[in-house]
């Protein structure tokens, strides 16, 4: 859910940090409301467990169209490089991995 909330906030012209804060707020509320511990999704090395990773990929793809709309706001291409439909599709496909990497990075820093 957090990956889609992040995208929805980007599409509402929020900056990346504000979008991530909103995403985190929703995730925390869902975890607390269901008496779940966020630590249970992580392996000992700080990465997200593989079975959870697959489930997250599946769920993030429910908001694929919104991801596609947000990509131009998330990705700044080098000067002279155009956002082709093929490139947009590739970046949209890559978003779930980007989001999880960002999530793991925050975890490992803290």
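Some points to look at:
- Members of the range 56-97 that are loosely packed, with under 15 Cβ neighbours inside 10 Å and either touching a strand residue (DSSP E or B) at 6+ places or on another chain (Cβ under 8 Å) or closer than 18 Å to residue 24 by Cα (or both): 59, 97
- All told, residue 99 falls short of being at pLDDT 90 or above, in a helix (DSSP H, G or I) and in contact with a helix residue (DSSP H, G or I) (Cβ under 9 Å, 6 or more places away or on another chain).
- First in the range 77-93 and in contact (Cβ under 8 Å) with a residue 40 or more places away in the chain, second anywhere and assigned to a helix (DSSP H, G or I) and surrounded by 10 or more Cβ atoms within 10 Å (Cβ to Cβ), Cβ under 9 Å, 6 or more apart: none
- Annotation note: Cβ proximity below 8 Å between a residue of the range 2-26 that is on the phi > 0 side of the Ramachandran plot and a residue that is assigned to a helix (DSSP H, G or I) and modelled with pLDDT under 95 (sequence gap 6+ or interchain) occurs for 13/73.
- Considered as a group, the residues in the range 72-96 that are assigned to a loop (DSSP other than H, G, I, E, B) and touching a helix residue (DSSP H, G or I) at 6+ places or on another chain (Cβ under 7 Å) include one that is nearest to residue 14 (Cα to Cα), and that residue is 75.
The values are calculated or read from the model by the stated rules, or taken from the named source; none is laboratory data. These figures come from a predicted structure and were not determined experimentally. FYI the Cβ positions are ideal-geometry reconstructions off the backbone, even for glycines, and counts take in every protein chain you see.
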